[in-house]
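Accompanying notes for the structure given below.
The values are calculated or read from the model by the stated rules, or taken from the named source; none is laboratory data. The model shown is predicted, which means the values in this text are computed figures rather than measured ones. Positions of Cβ are generated from backbone atoms using ideal geometry, with glycine treated the same way; all protein chains shown enter the neighbour counts.
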(Lines give C-alpha, C1' and ligand atoms only; values in the text may rest on other atoms or scores of the structure.)
Protein backbone atom coordinates (compact mmCIF):
# COMPACT_ATOMS: atom_id res chain seq x y z
CA UNK A 1 0.00 0.00 0.00
CA UNK A 2 1.36 3.42 -0.99
CA UNK A 3 1.51 5.92 1.85
CA UNK A 4 -0.10 9.21 0.76
CA UNK A 5 1.55 12.61 0.92
CA UNK A 6 -0.43 14.78 3.33
CA UNK A 7 -0.07 18.54 3.68
CA UNK A 8 -1.90 20.19 6.58
CA UNK A 9 -2.45 23.93 6.90
CA UNK A 10 -3.26 25.08 10.43
CA UNK A 11 -4.52 28.46 11.59
CA UNK A 12 -5.45 30.14 14.84
CA UNK A 13 -8.57 28.00 15.26
CA UNK A 14 -6.53 24.93 16.20
CA UNK A 15 -4.93 26.78 19.13
CA UNK A 16 -8.02 28.57 20.43
CA UNK A 17 -8.95 25.65 22.73
CA UNK A 18 -5.44 25.74 24.15
CA UNK A 19 -6.04 29.16 25.64
CA UNK A 20 -4.59 31.33 22.87
CA UNK A 21 -6.86 34.03 21.49
CA UNK A 22 -7.25 34.31 17.76
CA UNK A 23 -6.30 37.67 16.26
CA UNK A 24 -9.49 38.58 14.45
CA UNK A 25 -12.22 37.27 16.75
CA UNK A 26 -14.12 39.44 19.19
CA UNK A 27 -11.85 40.02 22.19
CA UNK A 28 -9.00 38.77 20.00
CA UNK A 29 -5.37 39.79 20.17
CA UNK A 30 -5.80 42.74 17.81
CA UNK A 31 -8.43 44.32 20.07
CA UNK A 32 -7.02 47.55 21.42
CA UNK A 33 -4.16 47.53 18.89
CA UNK A 34 -3.85 48.94 15.40
CA UNK A 35 -2.26 46.29 13.18
CA UNK A 36 -0.39 49.06 11.37
CA UNK A 37 1.34 49.88 14.65
CA UNK A 38 2.29 46.37 15.83
CA UNK A 39 2.28 44.15 12.73
CA UNK A 40 4.08 46.11 10.02
CA UNK A 41 7.73 46.97 9.55
CA UNK A 42 6.74 50.63 9.23
CA UNK A 43 5.11 50.46 12.66
CA UNK A 44 8.25 48.89 14.04
CA UNK A 45 10.42 51.69 12.65
CA UNK A 46 8.07 54.30 14.13
CA UNK A 47 7.98 52.82 17.61
CA UNK A 48 10.12 49.69 18.14
CA UNK A 49 9.65 49.74 21.90
CA UNK A 50 5.86 49.55 21.60
CA UNK A 51 6.12 46.69 19.09
CA UNK A 52 8.47 44.75 21.36
CA UNK A 53 6.11 45.37 24.29
CA UNK A 54 3.29 43.78 22.26
CA UNK A 55 5.30 40.67 21.35
CA UNK A 56 6.77 40.44 24.85
CA UNK A 57 3.17 40.22 26.09
CA UNK A 58 2.33 37.50 23.56
CA UNK A 59 5.50 35.58 24.45
CA UNK A 60 4.59 35.59 28.12
CA UNK A 61 1.04 34.42 27.32
CA UNK A 62 2.37 31.53 25.24
CA UNK A 63 4.60 30.39 28.11
CA UNK A 64 1.78 30.40 30.65
CA UNK A 65 1.64 26.86 32.15
CA UNK A 66 -2.07 26.71 31.35
CA UNK A 67 -1.41 26.99 27.60
CA UNK A 68 -0.94 23.42 26.36
CA UNK A 69 -1.52 21.46 23.15
CA UNK A 70 -5.02 20.09 22.74
CA UNK A 71 -6.31 16.86 21.23
CA UNK A 72 -6.08 18.26 17.69
CA UNK A 73 -2.35 18.98 18.05
CA UNK A 74 -1.73 15.51 19.49
CA UNK A 75 -3.73 13.85 16.70
CA UNK A 76 -1.53 15.52 14.08
CA UNK A 77 1.62 14.41 15.89
CA UNK A 78 0.28 10.85 16.01
CA UNK A 79 -0.46 10.95 12.27
CA UNK A 80 3.14 11.93 11.56
CA UNK A 81 4.51 9.27 13.89
CA UNK A 82 2.47 6.54 12.19
CA UNK A 83 2.94 7.58 8.55
CA UNK A 84 6.42 9.09 8.81
CA UNK A 85 7.54 12.72 8.69
CA UNK A 86 8.38 12.38 4.99
CA UNK A 87 4.66 11.84 4.34
CA UNK A 88 3.14 14.46 6.66
CA UNK A 89 3.94 18.18 6.54
CA UNK A 90 2.33 20.79 8.76
CA UNK A 91 2.31 24.32 7.39
CA UNK A 92 1.17 26.58 10.18
CA UNK A 93 0.12 30.21 10.12
CA UNK A 94 0.46 30.19 13.90
CA UNK A 95 3.46 31.64 15.69
CA UNK A 96 3.04 29.43 18.77
CA UNK A 97 4.96 26.21 19.45
CA UNK A 98 2.02 23.94 20.31
CA UNK A 99 2.64 21.59 17.37
CA UNK A 100 6.19 21.06 18.61
CA UNK A 101 5.00 20.54 22.17
CA UNK A 102 2.59 17.86 20.96
CA UNK A 103 5.41 16.02 19.18
CA UNK A 104 5.15 17.05 15.52
CA UNK A 105 8.53 17.38 13.80
CA UNK A 106 7.96 18.30 10.15
CA UNK A 107 6.63 21.84 10.49
CA UNK A 108 6.93 25.04 8.48
CA UNK A 109 6.10 28.23 10.40
CA UNK A 110 5.24 30.40 7.43
CA UNK A 111 4.52 33.44 9.61
CA UNK A 112 7.50 33.04 11.94
CA UNK A 113 7.79 32.00 15.58
CA UNK A 114 7.05 33.90 18.75
CA UNK A 115 9.80 32.17 20.73
CA UNK A 116 12.49 33.29 18.29
CA UNK A 117 14.05 36.64 17.43
CA UNK A 118 16.09 37.71 14.43
CA UNK A 119 19.26 39.81 14.27
CA UNK A 120 18.62 42.34 11.51
CA UNK A 121 22.34 42.87 10.96
CA UNK A 122 23.39 39.23 10.59
CA UNK A 123 20.11 37.46 9.81
CA UNK A 124 20.77 35.03 12.67
CA UNK A 125 17.63 33.47 14.18
CA UNK A 126 17.84 32.90 17.92
CA UNK A 127 15.61 30.98 20.34
CA UNK A 128 14.32 33.55 22.80
CA UNK A 129 12.01 33.10 25.78
CA UNK A 130 12.32 36.38 27.70
CA UNK A 131 11.23 39.97 27.15
CA UNK A 132 13.22 41.86 24.52
CA UNK A 133 14.63 45.22 25.61
CA UNK A 134 15.08 47.31 22.49
CA UNK A 135 17.32 49.81 24.27
CA UNK A 136 19.80 47.02 25.08
CA UNK A 137 19.85 45.46 21.62
CA UNK A 138 18.60 47.60 18.75
CA UNK A 139 19.33 44.99 16.07
CA UNK A 140 16.92 42.37 17.43
CA UNK A 141 13.41 42.17 15.99
CA UNK A 142 10.65 39.60 16.52
CA UNK A 143 10.95 36.62 14.18
CA UNK A 144 7.46 37.33 12.87
CA UNK A 145 6.26 37.87 9.31
CA UNK A 146 4.44 41.18 9.36
CA UNK A 147 1.87 42.46 6.87
CA UNK A 148 3.62 43.35 3.64
CA UNK A 149 6.44 40.82 4.21
CA UNK A 150 6.89 37.54 2.34
CA UNK A 151 5.97 34.39 4.30
CA UNK A 152 8.80 32.00 5.06
CA UNK A 153 9.83 28.86 3.14
CA UNK A 154 7.40 29.41 0.28
CA UNK A 155 9.55 27.39 -2.14
CA UNK A 156 9.36 24.33 0.12
CA UNK A 157 5.62 24.86 0.57
CA UNK A 158 4.89 24.97 -3.15
CA UNK A 159 7.12 21.96 -3.72
CA UNK A 160 5.13 19.96 -1.13
CA UNK A 161 1.82 21.07 -2.65
CA UNK A 162 3.00 19.89 -6.07
CA UNK A 163 3.19 16.32 -4.72
CA UNK A 164 0.20 16.30 -2.38
CA UNK A 165 -2.43 13.54 -2.15
CA UNK A 166 -4.39 15.07 0.74
CA UNK A 167 -4.62 18.76 1.62
CA UNK A 168 -6.25 19.42 4.99
CA UNK A 169 -7.04 22.93 6.22
CA UNK A 170 -7.65 23.24 9.96
CA UNK A 171 -8.89 26.28 11.84
CA UNK A 172 -8.14 28.98 9.31
CA UNK A 173 -10.41 31.63 7.80
CA UNK A 174 -9.01 31.11 4.32
CA UNK A 175 -8.90 34.82 3.47
CA UNK A 176 -5.18 35.62 3.69
CA UNK A 177 -2.93 34.98 0.71
CA UNK A 178 -0.77 33.13 -0.13
CA UNK A 179 -2.24 30.48 2.19
CA UNK A 180 -5.72 31.11 0.81
CA UNK A 181 -4.51 29.81 -2.57
CA UNK A 182 -3.13 26.50 -1.31
CA UNK A 183 -6.42 24.63 -1.76
CA UNK A 184 -6.55 25.75 -5.41
CA UNK A 185 -3.09 24.29 -6.02
CA UNK A 186 -4.10 21.05 -4.29
CA UNK A 187 -7.20 20.81 -6.46
CA UNK A 188 -5.05 21.27 -9.57
CA UNK A 189 -2.96 18.31 -8.38
CA UNK A 190 -6.16 16.21 -8.07
CA UNK A 191 -5.60 15.90 -4.33
CA UNK A 192 -8.36 15.20 -1.87
CA UNK A 193 -9.11 18.50 -0.11
CA UNK A 194 -10.65 18.71 3.35
CA UNK A 195 -11.70 21.66 5.48
CA UNK A 196 -11.89 21.10 9.25
CA UNK A 197 -13.06 24.30 10.86
CA UNK A 198 -15.35 25.79 13.46
CA UNK A 199 -17.42 27.34 10.68
CA UNK A 200 -17.21 27.58 6.86
CA UNK A 201 -14.32 29.65 5.56
CA UNK A 202 -14.50 32.03 2.63
CA UNK A 203 -12.98 29.26 0.49
CA UNK A 204 -15.21 26.46 1.78
CA UNK A 205 -16.69 25.88 -1.69
CA UNK A 206 -13.24 24.80 -2.97
CA UNK A 207 -12.99 21.86 -0.57
CA UNK A 208 -14.37 18.45 -1.47
CA UNK A 209 -14.98 17.45 2.16
CA UNK A 210 -16.13 19.89 4.83
CA UNK A 211 -16.49 19.10 8.54
CA UNK A 212 -17.35 21.77 11.08
CA UNK A 213 -17.01 21.79 14.85
CA UNK A 214 -14.39 22.32 17.55
CA UNK A 215 -10.91 21.22 16.50
CA UNK A 216 -10.27 18.98 19.51
CA UNK A 217 -13.14 16.73 18.40
CA UNK A 218 -13.33 16.84 14.61
CA UNK A 219 -9.58 16.69 13.89
CA UNK A 220 -8.85 13.44 15.81
CA UNK A 221 -12.02 11.85 14.43
CA UNK A 222 -11.16 12.66 10.84
CA UNK A 223 -7.45 11.78 11.07
CA UNK A 224 -8.38 8.38 12.52
CA UNK A 225 -9.92 7.58 9.11
CA UNK A 226 -6.52 8.17 7.45
CA UNK A 227 -4.48 5.86 9.69
From 117, 95, residue being closer than 14 Å to residue 140 by Cα, crowded, with 19+ Cβ neighbours inside 10 Å, in contact (Cβ under 8 Å) with a residue 24 or more places away in the chain and in contact with a strand residue (DSSP E or B) (Cβ under 6 Å, 6 or more places away or on another chain): 117
Residue satisfying all of: in the stretch 159-180; out of contact with any helix residue (DSSP H, G or I) (no Cβ under 7 Å at 6 or more places or on another chain) and modelled with pLDDT of 95 or more; nearest to residue 94 (Cα to Cα) among these: 168
Can you tell me which residues in the stretch 43-70 are surrounded by fewer than 18 Cβ atoms within 10 Å (Cβ to Cβ) and over 17 Å from residue 112 (Cβ atoms)? 45, 46, 47, 49, 50, 53, 60, 64, 65, 66, 67, 68
Residues located in the stretch 204-227, provided they are touching a helix residue (DSSP H, G or I) at 6+ places or on another chain (Cβ under 6 Å) and farther than 22 Å from residue 75 by Cα: 206
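Among the candidates 58, 29, which residue alone is modelled with pLDDT under 95, in contact with a strand residue (DSSP E or B) (Cβ under 9 Å, 6 or more places away or on another chain) and within 26 Å of residue 133 (Cα to Cα)? Before the answer, list the steps.
Details: 29 fails: in contact with a strand residue (DSSP E or B) (Cβ under 9 Å, 6 or more places away or on another chain).
Criteria check complete, one pass: 58.
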In the stretch 35-48, the residues that are part of a helix (DSSP H, G or I) and modelled with pLDDT of 95 or more: 41, 42, 43, 44, 45, 46, 48
Identify the single condition in (1) assigned to a helix (DSSP H, G or I); (2) crowded, with 19+ Cβ neighbours inside 10 Å that residue 180 does not satisfy, given that it satisfies every other one. (2)
